[in-house]
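The structure appears right after this line, and notes come after that.
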Amino acid sequence: MIQIFGFSEKQKARYFEKIKIYLAILPVFILLVLGGLNIYKKITWKEPADGVFWDEKPKGMTAVIVEVNSPAYLHGIKKGDILYSINNAPIKNKIDVSKILWAAGRSELKVTYEIARGGEIIFPSFYLREKGVNPIYFFLALIGLTTLVIGLIIFLTSKKPLSMPYIYFYFVCLCFCSFYIFSPTGELNVLDSLFYWLDKSAFLAFPPLLLYFFLIFPQRKKFFNNKLSSISILYLPAVVLLLTKIL
């Protein structure tokens, strides 16, 4: 048997295989650190809220849902109202609403809305309330973490963990966990932007990963050859959607 630097070829192959496995599970530790940080932020962050779900409609930002006994509800805002401005700052999209509410919440000042309703303009003014995270988030995060643990166990206990089916199943579990655990809090800082893009990227990558996994496991007729250009066709829609989101 050929010896290289005191190691046989077989020992050397096993050594490099272990390195590849360690590199493959490295994203798990990164995900757990960032995911834990996201959960901590969700627990501690109290989002300033008016109690209205605003949606972008052809006529402008429109009140779709107004929570009963919320600040907006108690000051006369109704479903179908159109929001023109908050504190004299024009509103064009949901991001504008979030930024202004966040700034007003930090300063603990009143907000004054310019609302259009049936040809009439009204100016309700009120203080915002602090809203905690929806408990459903923690349930979804638990589902994601459970899926990740299952995927990791299967990956590490398989006879050939670096074979394509196991690798893809591992990545499917990784993506599934990511878009369940990552969720922006509304702080609108760099870390919050990271949570947002991790969530969107994982959500877009999950369908093509899952589809390709079903195409190769169990062994089926090859729809694609092993060339990168052929496999990348599956991911093209996700890349296009991600680019449109960025641009």
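The values are calculated or read from the model by the stated rules, or taken from the named source; none is laboratory data. Not measured: the values here are computed from a predicted model. Methodologically, a virtual Cβ is constructed for each residue, glycine included, from the backbone with ideal geometry; neighbour enumeration extends over all protein chains shown.
Residues in the stretch 173-190 that are in a helix (DSSP H, G or I) and at pLDDT 95 or above: CYS173, LEU174, CYS175, PHE176, CYS177, SER178, TYR180, ILE181.
Scanning the stretch 151-172 for residues being surrounded by fewer than 13 Cβ atoms within 10 Å (Cβ to Cβ) and modelled with pLDDT of 90 or more gives a total of 2. Determine whether the stretch 195-214 contains at least one residue that is hydrophobic (A, V, I, L, M, F, W, C), surrounded by fewer than 17 Cβ atoms within 10 Å (Cβ to Cβ) and touching a residue at least 40 places away in the same chain (Cβ under 8 Å). For the stretch 195-214, residues hydrophobic (A, V, I, L, M, F, W, C), surrounded by fewer than 17 Cβ atoms within 10 Å (Cβ to Cβ) and touching a residue at least 40 places away in the same chain (Cβ under 8 Å): absent.
Of the residues making up the stretch 156-206, those that are touching a Lys or Arg at 6+ places or on another chain (Cβ under 8 Å) and farther than 25 Å from LYS42 by Cβ are LEU162, TYR166. For the stretch 20-75, which residues satisfy the criterion of being of a type in the set (D, E, K, R), under 21 Å from LEU140 (Cβ atoms) and assigned to a helix (DSSP H, G or I)? LYS41, LYS42 - these are the residues of the stretch 20-75 that are of a type in the set (D, E, K, R), under 21 Å from LEU140 (Cβ atoms) and assigned to a helix (DSSP H, G or I). In the stretch 1-28, the qualifying residues are those that are more than 14 Å from ILE181 (Cβ to Cβ) and under 22 Å from the mean Cα position of the chain (by Cα), and the one that is modelled with the highest pLDDT is LEU26. LYS94 meets the stated requirement of being surrounded by 12 or more Cβ atoms within 10 Å (Cβ to Cβ) and either in contact (Cβ under 8 Å) with a residue 12 or more places away in the chain or not aliphatic (A, V, I, L, M) (or both).
Determine whether ALA104 is farther than 26 Å from LEU191 by Cβ and of a type in the set (Gly, Ala, Ser). It is false that ALA104 is farther than 26 Å from LEU191 by Cβ and of a type in the set (Gly, Ala, Ser).
Looking only at strands (runs of 3 or more DSSP E) that lie completely in the stretch 88-133, which have at least 1 residues being of a type in the set (Gly, Ala, Ser), more than 24 Å from the chain's Cα centre (by Cα) and at pLDDT 90 or above?
Working: elements: 111-117, 120-122, 129-131.
Counting at least 1 such residues, we get 111-117.
With respect to (1) surrounded by 15 or more Cβ atoms within 10 Å (Cβ to Cβ); (2) without any contact (Cβ under 8 Å) to a residue 24 or more places away in the chain, the lone exception for PRO58 is condition (1).
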